[in-house]
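Working notes for the structure below.
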2 protein chains.
Amino acid sequence: MTATADPYASRFGGGSEIVRREDPVRWGDRPGPLSPAEVDAYEANGFVVLRGVLSPAEAAGLLDDAHRVAEAAPRNADHVILEPGGAAVRSVFRVHRDRAVFARLCADPRTAGAARQLLGDDVYVHQSRINFKPAFVGEPFSWHSDFETWHVEDGMPRMRALSMSVLLTENTEHNGPLLVIPGSHRWFVRCAGVTPPDHHRESLRHQRYGSPAEGALHQLASSAGVASVIGPPGTIVLFDCNLLHASAGNVTPLPRHNVFVVYNAVSNALVAPFGTARPRPPFLAERDVVPLPLPS
Amino acid sequence: MTATADPYASRFGGGSEIVRREDPVRWGDRPGPLSPAEVDAYEANGFVVLRGVLSPAEAAGLLDDAHRVAEAAPRNADHVILEPGGAAVRSVFRVHRDRAVFARLCADPRTAGAARQLLGDDVYVHQSRINFKPAFVGEPFSWHSDFETWHVEDGMPRMRALSMSVLLTENTEHNGPLLVIPGSHRWFVRCAGVTPPDHHRESLRHQRYGSPAEGALHQLASSAGVASVIGPPGTIVLFDCNLLHASAGNVTPLPRHNVFVVYNAVSNALVAPFGTARPRPPFLAERDVVPLPLPS
């Protein structure tokens, strides 16, 4: 696959380049739980923050479940990621398959319904995880477009997916909240370099390939800057698969724990990776497309 | 020197402990450039943020000077600190001695005058540096009380010193601003462990000793939480030598560059270190006490 044949070619040995996105952000006019203003904000900025979607009791229950998942997580399993240089758990993947409570969260009309509304299709879970950013030692995430990785390493054809973050603890300005470059989802940044084999074993702890060049980040942040996503437990953030995002480390005494779910349109199911020989394992990129059931 | 003889003993092989501070925060009623409300805020919270002390033009001029200092800094000199794992300059020390423009900044009635007012004495510069926290790669600073290090490693007898940060670029919520625990300056946290020889060669890049136990940080942050210090270039922050502070890394495209100056009361000049055999070098801890001149 060459740069001319694939509009979203990246890491093929060329340099960094910013090109226009070819896909819509909002697909069609399917009804759903989001208000027209929320849909418009998502389309314009690439993300929308919805406070109070889950009740405080629901969020507290999920936080308890998340702690149990971390405690039970086998430290040497592929789907369990530890913080660089430490034994603290950074992420546990595949919770939509392994834990009924998180499977229900993924299929909830408030969450899956919003994904169907924005993507204009039935959806399935491409990836799920709990991100733990512990007090004092939580490490940062570099700037990246999720879609860039999913296209290059997993074979996701088009930008018809979205990410959802469910806040389980208060996300403040100081404990390493999600940072986004508003509007960056309308551009695709080809990244330099070539993906090394088994890149995900490294990239889930510290990403080196698939992170845009600093010049591209400066350029895309020059209009709207950088925005932080903060809110109390129970807040839900929906963001486009191609929105550039990052987060700082957490040096505060307040942990930042969130659930992260990726919805993909069933019509956008994975094919062969566009930039690597072998796809990543299923805990990172679901290849078994089972649409989430519609509410009865 | 044992824990009983020295009220601020720390890192003597004991555990972590929180004890009450024995010294005043504000020493006397010497007049100066700060308003009564600003002095009260400093005394109550341990810090005060003063916007617009320097004009935008002054701040821009100092930023240019700071860039020149970084470019000219010999990479292998003791007083030049590089970011962990990289070649970017993190700090350049001793700018009050090496650069006339920063010597003038340290002696300015707006800066040194405020220090004399709060410390109730003539003052000299204990330490000065430019802290560069470059875009994308700036690393965090762990929680610490400056006084704890200055007492243990430099021989500063009492809490009669203060730190001043002069903001040269905009310090936002996102680019690794100074984080403080308001009110923590009223307590002294003894730290566990024993200082290894030549600790400063490591601690200036990544501090491992002299950082309070997590339990102590939780306890001190339980009332007022964590506050960030943000502001435009030209803002000046004064904070007590014993205020617990930290900062996150900078993952944004916006660099955070500040000048940092420590004023000590001339009556509080250094003696032998309270916790190590040899004092740190003079670029970290001035031993030649020359009072800054009063305005004529």
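Confirm whether B:VAL123 is of a type outside the set (Phe, Trp, Tyr), touching a strand residue (DSSP E or B) at 6+ places or on another chain (Cβ under 6 Å) and within 14 Å of another protein chain (Cβ to nearest Cβ). So B:VAL123 does not fit the description; no.
Checking each residue in segment B:1-51 for being open to solvent by 30 Å² or more (accessible area, probe 1.4 Å), in a loop (DSSP other than H, G, I, E, B) and of a type in the set (Phe, Trp, Tyr) picks out only B:TRP27. Within the set A:LEU270, A:LEU244, A:LEU238, the sole residue that is open to solvent by less than 20 Å² (accessible area, probe 1.4 Å), away from every other protein chain (no Cβ under 14 Å) and either among the hydrophobic types (A, V, I, L, M, F, W, C) or under 24 Å from B:VAL137 (Cβ atoms) (or both) turns out to be A:LEU238. Scanning segment A:96-120 for residues that are open to solvent by less than 30 Å² (accessible area, probe 1.4 Å), over 28 Å from A:ILE18 (Cα atoms) and touching a Gly at 6+ places or on another chain (Cβ under 8 Å) returns A:GLY113, A:ALA114, A:ARG116, A:GLN117. Of the residues that make up segment B:187-203, is at least one out of contact with any Cys (no Cβ under 8 Å at 6 or more places or on another chain) and within 14 Å of chain A (Cβ to nearest Cβ)? Checked segment B:187-203: at least one residue is out of contact with any Cys (no Cβ under 8 Å at 6 or more places or on another chain) and within 14 Å of chain A (Cβ to nearest Cβ).
Looking at (1) more than 12 Å from every other protein chain (Cβ to nearest Cβ); (2) touching a residue at least 40 places away in the same chain (Cβ under 8 Å), can you tell me which one A:PRO212 breaks? Just one mismatch for A:PRO212, condition (1).
The listed residues are A:HIS126, A:HIS151, and the only one of them that is open to solvent by less than 10 Å² (accessible area, probe 1.4 Å), part of a helix (DSSP H, G or I) and in contact (Cβ under 8 Å) with a residue 40 or more places away in the chain turns out to be A:HIS151. Note on segment A:129-148: among residues that are over 13 Å from the mean Cα position of the chain (by Cα) and either outside any strand (DSSP E or B) or more than 14 Å from chain B (Cβ to nearest Cβ) (or both), the one that is nearest to A:GLY210 (Cα to Cα) is A:PRO140.
Here is a check on your reading of the model: is A:LEU179 within 30 Å of B:HIS144 (Cα to Cα), more than 14 Å from every other protein chain (Cβ to nearest Cβ) and open to solvent by less than 10 Å² (accessible area, probe 1.4 Å)? Answer is no for this residue. Of the residues making up segment B:249-267, those that are within 14 Å of chain A (Cβ to nearest Cβ) and in contact with a His (Cβ under 7 Å, 6 or more places away or on another chain) number 2.
Kindly indicate the residue of segment A:68-95 that is farther than 22 Å from A:HIS126 by Cα and in contact (Cβ under 8 Å) with a residue 12 or more places away in the chain and also least open to solvent (accessible area, probe 1.4 Å) among those meeting that condition. For segment A:68-95, the residue satisfying everything is A:GLU83.
The values are calculated or read from the model by the stated rules, or taken from the named source; none is laboratory data. As the structure is a prediction and not an experimental result, all values here were calculated from the model. In this analysis, Cβ positions are derived from the backbone assuming ideal geometry, glycine residues included, and neighbour counts consider all displayed protein chains. Just so you know, the surface numbers come from the protein's heavy atoms only, side chains and all, with ligands and any DNA or RNA stripped out. Shrake-Rupley method; radii C 1.70, N 1.55, O 1.52, S 1.80 Å.
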